[in-house]
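Visitor: Quick one: structure below, then a few questions.
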Amino acid sequence: MDNDPMGEIKNVLKKGQWRSLIIIAVLVVLLLAFRPWVQVGAGERGVVQNFGAVQDKVLNEGIHFKIPIVQTVILMDVKIQKAMTDAASSSSDLQDVDLSVALNYHIIPDKANLVYQTIGVQFKERIIDPAIQEVMKAVSARYTAEELITKRPAVSTEMQEALTSRLLASNIAVDAFSIISFSFSQTFTDAIEAKQTAEQNALKAKRDLDRIKVEAEQTIAAATAEAEALRLQKMNISPDLIELRKIEANLKAIEKWNGILPEVTGAGAIPFIGVGEAIKNK
C-alpha cells in the first residue's frame, strides 16, 4: 500500500487549522463570558471590589481591565442630582410651617468608593432626605413665622450651610439650595394680610398728613411774604408820594380825555354850552 506524503501533510494542516479555530472560538466565548474589562461612562466612577472587598482605587471614565471572577466594578453616578423635599415644622412662635425645598448635590468623585462602602447606592433615601428634614426643622425653629417670610434669604443661606456641613461628612457635596415655598395656617395668613393692610393704611395716612403739613407751611409762608410786602409798602408811603400818585392819576386821565367838555356838569353848576364847539373852531 502506497502512502501519499502530501495528502498526510494536508490532513495535518487541516487538523491544525481546525484546532486553531476551536481555540480562538473558546477564547472568544471565555472573553464574552467573563468580560475582563469594564467601561466607565461620562459622569460615573467605578468602585473596584476584590471578592466583595471595596478597594481604595476609584476608576475614572473610560475602559479599564479587571481580573475575572476576582474583581467586580460597581458604577456610581457622580453627576449633579436634584432632590425635592417637603417638610412640616414649627416656627419659634409655635406657628405650623410647611416648607418645600430643592437641593442640588453630587457625590465627591474621588470618594465614590467610601460612599458605596458606608452608604450604598440608596444614599438619597438614607442620607439626603433625612438631612434635609432635620435641617429644615432645626433652622425654622429659630425664626418666627413672620421672620421666615421677611428674612427668607437668610433662612435659605443658613439651611444651605447646615446641609453642606452635614452632607460633607458623608462625602456628598451641596451645589445649590433654594426654598421653593412657605405655607402657614389660614388663620396666620389672614392675620399677616390684615397687618399688611393696616401698615399700608397707616403709611398712606402719614403721607397725607405730611402733604397737608407742607401745604399749610406753604400757605403760611405766602401769607407772611404778602404781609411783609404790605408792611414795607406802608412804611414807604409819605405825603409827597401820595401827591405824586395823584398827579400821575390826573395825567393818565388827561391822556385819556378826548378834548370835549361836558355841557352840563351837574345841578347848580354853570353850563358850558357850546364850549366844545368854540374849542373846535379855534
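The values are calculated or read from the model by the stated rules, or taken from the named source; none is laboratory data. Keep in mind the model is a prediction, meaning the values are calculated, not measured. Heads up, the Cβs are rebuilt from the backbone with ideal geometry, glycines too, and the neighbour counts pull from every protein chain shown. Ligands, DNA and RNA are stripped out before the accessible areas are found, and what is left, the full protein with its side chains, is counted by its heavy atoms. Shrake-Rupley method; radii C 1.70, N 1.55, O 1.52, S 1.80 Å.
Visitor: Order 143, 116, 105 by their accessible area, 1.4 angstrom probe, all chains in place, largest first.
Guide: Result of the area sort, largest leading: 116, 143, 105.
Visitor: Could you check the simple spin-label distance between residue 147 and residue 206, using points 7 Å along Cα→Cβ, in nm with one decimal?
Guide: That separation, rounded to one decimal, is 2.3 nm.
Visitor: Another one. In what sequence, largest accessible area first, do 70, 121 appear using a 1.4 Å probe?
Guide: 121, 70
Visitor: Between residue 80 and residue 156, what is 0.36 nm times their sequence separation minus the Cα-Cα distance? Round to one decimal in nm.
Guide: 25.4 nm
Visitor: Can you work out ³J(HN,Hα) from phi for every residue in segment 80-87, in order, using Karplus 6.51 cos²θ - 1.76 cosθ + 1.60 and θ = phi - 60°, giving whole Hz and x for Gly and Pro?
Guide: Each residue of segment 80-87 in turn: 5, 10, 10, 10, 9, 9, 10, 8 Hz.
Visitor: Something else now. Which three numbers, in whole Å and largest first, are the semi-axes of the equivalent ellipsoid of segment 121-213 derived from its Cα gyration tensor as √(5λ)?
Guide: That gives 41, 14, 9 Å for the three semi-axes.
Visitor: Sketch the reach of a paramagnetic label on residue 100 as a point 7 Å from Cα along Cα-to-Cβ, and name the residues of segment 66-88 whose backbone nitrogen lies under 15 Å away.
Guide: Within reach of a label on residue 100, which here means backbone N under 15 Å from a point 7 Å along Cα→Cβ, segment 66-88 contributes 83-88.
Visitor: Let me confirm the definition first: pairs of Lys residues in segment 93-235, 8 or more apart or on different chains, C-alpha distance under 21 Å. How many are there?
Guide: Lysine pairs meeting both conditions in segment 93-235 amount to 7.
Visitor: Using amide H atoms built in the peptide plane, which far-off residues or other-chain residues are under 5 Å from residue 75 H to H?
Guide: The list, which skips near neighbours in sequence, is 47.
Visitor: Here's another thing I want to ask about it. Probe 1.4 Å, all protein chains in place: accessible area of residue 204 in Å², nearest 10?
Guide: Around 110 Å² of this residue is reachable by solvent.
Visitor: Extending each Cα 7 Å along its Cβ direction at residue 92 and residue 37, get the distance between those two points in nm, one decimal.
Guide: 6.2
Visitor: Using only the heavy atoms of the protein chains and a 1.4 Å probe, how would 114, 203 rank by accessible area, largest first?
Guide: If we order 114, 203 from most to least accessible, we get 203, 114.
Visitor: Would you check the accessible area of residue 86, probe 1.4 Å, heavy atoms only, in square angstrom rounded to 10?
Guide: Surface open to solvent at residue 86 totals about 110 Å².
Visitor: Give me the accessible area of residue 146, 1.4 Å probe, in Å² rounded to the nearest 10.
Guide: 70
Visitor: Here's a follow-up. If r is the Cβ-Cβ distance from residue 138 to residue 215 and R0 is 51 Å, what FRET efficiency results, to the nearest 0.05?
Guide: Efficiency computed from Cβ-Cβ geometry: 0.40.
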